[in-house]
Amino acid sequence: MLSLIILIPLVAALLLIFVSRDNTSLVKTIAIGAASATLAVSLWMLASFDMGNPQMQFVQSLHWVPALHINYLVGVDGISLWMVVLTAFLGVISILLSLKQEKSLRNFVALMLALEAGTLGVFLALDTILFYVFWELMLVPTYFIIGIWGEGRRVYATMKFVIYTLVGSLLMLVAILSLTMVHYGATHDVTFDLRILTHTHIDPSMQIWMFLFFFVAFAIKIPVFPLHSWLPHAYVACPIPALILLTGAMSKTGAYGFLRFCLPLFPDAVESMALVIGLMAATGMIYGAWIAIAQKDIKALVAYSSISHLGFIVLGIFARNEEGIEGSILQMLNHGIIASALFIIVGIIEMRMGTRNLSELRGLSKTMPILYGTFMLVMLAALGLPGLNGFVGEFLILMGVWTSHLLSDLSGILVLMGGLSIVFASIYMLYMFQGTMQEKPNSENVSDIDSGEFKLLLPACLLILLIGLYPKPFIDRVSPSVGSLLHLEKTVNLDAGKDSDQH
Amino acid sequence: MSSSWLILLFPLAGFIFLSWYGERISKTLAGWIGCGVVGASFITSLVALSDLLFLPAEERVGRVHVLYQWISTASFKLDLAILVDPLSVFMFLIVTGVGFVIHVYSVGYMHDDPEYSRFFAYLNLFIFSMLVLVAAADFFFLIVGWALVGLASYLLIGFWREKTSAVLAARKAFIMNVIGDVGMVIAAFAIFESFGTLSFVDVFAAAPGTFRPNDDQILLITLLLLVGAFAKSAQLPLHTWLPDAMEGPTPVSALIHAATMVTAGVYLIARCHVLYELAPYTMYFIAGVGILTAVFAGTMGMVQYDIKRVIAYSTMSQLGYMFLAMGLGVYSLGMFHLMTHAFFKALLFLAAGSVIHALDGEQDIRKMGGLQKIMPLTHATFLIGALALAGFPLTSGYFSKEAIILSSYHEDMGNFVFWAIAVLTAGMTAFYIFRVYFYTFAGKTRSPEAHPHESPPMMVLPLLILATLALGGGVLGPWVHEFLGPVFGREVHHHHDGGLETIALLVGIGGIVTAALLYLTGKKRMELIKEAFAPLYDLLFHKYYIDEIYDLLIVKPTKAIGAFLEEKVEKQGIDFAVDQIGIQVKEVSRGIGVWQSGRVRTYALNMIAGMVIILLFVVFL
């Protein structure tokens, strides 16, 4: 089942290469069909997911490179479950949005599907090499999408994005290889199976280095302040459909990496680094929000607000307790929903008005009452209005930080910084919302969103309300896995000889 | 599911229906639905009241109705639940009762507005939010209600969304209230840290055993909660949004910025009185801020010319009295004043709205005058409201305010300073409300081109109802104290002190007489006084320049730092540094002169080389 989730978009992407580029209806059918099928399978997975079981579920294993014990190994647990569903969901939305793309539609949707497949693979892979392959697979389509279909300084943006990411992922590859070597040193087994590797005890001085290598890779992908400077360029240049996958799903792979690799593999390193990372995350939260206040371009505004919101997620993860991590996972889901909806709205406004500049936009609420309503809901969720989904995540995260053992030295300050960024969020969101929607309109002949556009926004609106009103079913599926992550035991010792009582 | 949930669900249903179908149904129907759901909610509240009254007094508290489990993590569990006890039912009745009257009034007042149904949708949303706030059984949903009323307030202040000043006022109110929300959220963390739960019943049961008086943690919790309370109730220094909030339609000012929402801070302290009693320092602080806000707002109210702003300052001032009562520990007196204030302040706003309506939107009292004969019912009801606000004997305001003023001397924490300022403020209150009264209704008209008329029955009827309550609401006093007794768990001492009472009374009447002398007998004296105290007058007229100070110290630096961060730190700092690294790498590789064919490959090869080095480093270290 999990292989289907990865394979459907991947195969469809390959298939599209053989379809004539002029046959747009077939291209559309294949793209929509593949994306919907992926979503359907992932919903099926969600339905059959055993929520009491903290272990990996639906595990599938195939030999890949037997000589090196590299396997095709996939599985899902509470930590990755929602990310898979979210990616599949955003996949459908972004494919539907891409259909309006006029410039070589076939190649565009093929790359989009490949991007979706790569992201899904990252969330599902349990073999570290497989994880790395999917990690790189995400990069290639993004490179072409921004480079070819982007706007503005797209080549510069692509370059920056690719180099940043490459630096990170190569460091990660080093860490992945050394991880296996360390395990080999302890047990004389070669394995890339993450489930086994997490139980390996690693010497704390070694942990720091490996942790940092992984950390940089993931921190760039999210991105964490101050490794974020690719994001504004890439986000502003990126076409909206791809941006939805980029911000909604791909940015989560970094946070997911923290949860899947950094926390379980290197507990001592996390312990010594958490405070610094917490400060980085909190600084990024305020920094991104503060710059967002100064933006005139609403796409850039949402991009900077993403830096701020993603900082929350990182902060919660490094609080390393139930509330913090569960809040972060929920917030990953929330941010995927909210940020993608915001970008869709930005796209709608830009298409209608031909500009994204706040000083040229005003008074749209009069002619676009339906957009006004949906925009308001999404905007309120984004600024963390209690009662909607964004607040649940932020509340849990900050509660986790407040009670965190790791961050206890600075927990008060970190929470205050979080609070400040929430206040800022209401400022820049109101700037954007009121700036575009209120005061006297410039023009009376703007048509409201049509039913197609409304249907793209509707699922996000419903989820915003549902998660806000009833987060229990979402959290319940996450809790057991987070519990087992936090109470992981290191059974495989590095120096088996010295520590003989373990054997 | 208990029937008490219906109290919340009616207005919610009204909001959802009117937002979806409001444009497609007739105005009359939209108005009926908007009023009807609140009326239904009021009737259900009466049912809840009678349910409580049938119970013995000690069983009336702690009645939690759970709907479903909202979240459950390893250590944090929370139910979606409401608490139906005398305090919340008391608030239900005020919110839905006064709310219903104001809804009916709005049918007349907003009749010509093109977005009539949207107005009622927002009003319903407000009623729902306020009910969530007072019905919440834990700190989390209290915060939810707290933020939702802020949202409704934002929507209604900015209801005329094409008016720039309204848009700005709405933004200001929202952001100011978010600051309060953040304070409450952090308070909730501290509460969770201390008690492991957010439920009112559990927290209040455990609190006396957890803390000794004035422990650091309880001071922290109570002060953080106060941030929310002060922001919502426009107490110093978080008050600047309230006068600006008068940009909204007048029924909004009556409902949200006088009768209900702004009293949420008072309700919060009443609800958490168990915590506050463990923090006497905080109590003293509350009393101090309350009395300061009362006198501070009173001084500003004396010189304003916008009829709604004067009433807004008086709201701030009266809220100060309520906070004073809370700080002194006489909770049910504070709640009683909250109730009478809801009656007479809603009345004053609606009567003012009737005047504004008659004068086609004119709000400047200098352009009014002589309306006494043209609008007899509005005049009579405004006069009743003004008398009640001024604490004239036997009106409802007399009973509630006089009791607080006496307590400010006779309670344990009371002292002469509190009492003296309270009496002084009472004098100012009487002065400024009668200043408005004489300006508006006495003398001759100052704008001859206007053709004022008495308002339609849909507006006058609510005025009459509220006037009756404002006049006779005082008789409810003993009942309120008895009904709320089980919640607060202490008897209210009724102080009697003929001397102090007489002084307070005379000062109040003195205020009215002063206003009459100044404004009934021509302009001359008024101008003389204005010139004699020009600097002071200027200071008051500009609201102590607090808006300007905030702008200078907070708003401008925030914007400047944002621009600085973007320009200097982001573009010329971080981004520039990153680009430089890239350029250097390129230069170095060019210098080596081996890999010049393709850029990406150059980088990639460099990196792979680096990677190998690092790998060797890691493995052999």
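Summary of values
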item: Residues in segment B:236-269 that a label on B:V417 would reach, taking backbone N under 19 Å of a point 7 Å out along Cα→Cβ; result: B:236-237
item: Shielding of A:286-296 by partner chains, average beta-carbon count, 10 Å; result: 5
item: Modelled FRET efficiency - R0 22 Å, A:K296 with B:D579, Cβ distances, 0.05 increments; result: 0.45
item: Packing-based ranking, highest mean first, of A:456-465, B:50-59, A:13-22 given that Cβ atoms within 10 Å are counted; result: A:456-465, A:13-22, B:50-59
item: MRE, 222 nm, helices only [DSSP H, n ≥ 4, -39500 (n - 2.57), over chain A, to nearest 500]; result: -23500 deg cm²/dmol
item: Shielding by partners, peptide B:561-572 (average Cβ within 10 angstrom, other chains); result: 5
item: Relative contact order (percent, whole number), segment B:18-117, Cα cutoff 8 Å, 6+ residue spacing; result: 37
item: Computed helical MRE - 222 nm, chain B, DSSP H runs ≥ 4 contributing -39500 (n - 2.57), nearest 500; result: -23500 deg cm²/dmol
item: Three-way shape label, segment B:23-136, alpha-carbon gyration tensor, a/c 1.5; result: oblate
item: Mean Cβ count within 10 Å, highest first, over the residues of peptides B:391-398, B:351-358; result: B:351-358, B:391-398
item: Overall form of the protein assembly as shown per C-alpha gyration tensor (a/c, 1.5; a/b vs b/c); result: prolate
item: Model label zone, A:V65; criterion: amide N under 12 Å from point 7 Å along Cα-to-beta-carbon; scope segment A:107-139; result: A:128-133
item: Protection proxy ranking of A:319-331, B:557-569 - average other beta-carbon atoms within 10 Å, highest first; result: A:319-331, B:557-569
item: Which listed pairs, of B:K172/B:K559; B:K163/B:K530; B:K530/B:K556; A:K296/B:K543, have C-alpha distances above 21 Å, in listed order; result: B:K163/B:K530; B:K530/B:K556; A:K296/B:K543
item: Net lengthening on full extension, B:A206/B:L506 (0.36 nm per residue, minus Cα-Cα); result: 103.3 nm
item: Peptide B:472-482, shielding by other chains (average Cβ, 10 Å cutoff); result: 0
item: Inter-label distance for B:E527 and B:A57, nm, one decimal - labels placed 7 Å from Cα along Cα-to-Cβ; result: 6.2
item: Label-point separation, A:W44 to A:V446 (7 Å along Cα→Cβ), nm; result: 4.4
item: Distance violations [Cα-Cα > 29 Å] among A:K252/A:K455; A:K103/A:K160; A:K299/B:K232; A:K221/B:K232; B:K27/B:K308; result: A:K299/B:K232; A:K221/B:K232
item: Helix runs (DSSP H) in chain A reaching 18 Å along axis by Cα, Kyte-Doolittle at least 1.6; result: A:2-17, A:78-98, A:128-149, A:298-319, A:369-382, A:451-469
item: Computed E for B:I25/B:Y68 - FRET, C-beta separation, R0 25 angstrom, nearest 0.05; result: 0.15
item: Percent RCO, i.e. relative contact order, over chain B, from Cα pairs under 8 Å lying at least 6 residues apart; result: 12
item: Three-way shape label, segment B:1-254, alpha-carbon gyration tensor, a/c 1.5; result: oblate
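Each reported figure results from applying straightforward, stated rules to the coordinates on display, with no laboratory input. Predicted model, so just to flag it, every value in this text is computed and none were measured. With ideal geometry, Cβ positions are generated from the backbone for all residues, glycine too; neighbour counts draw on all protein chains shown.
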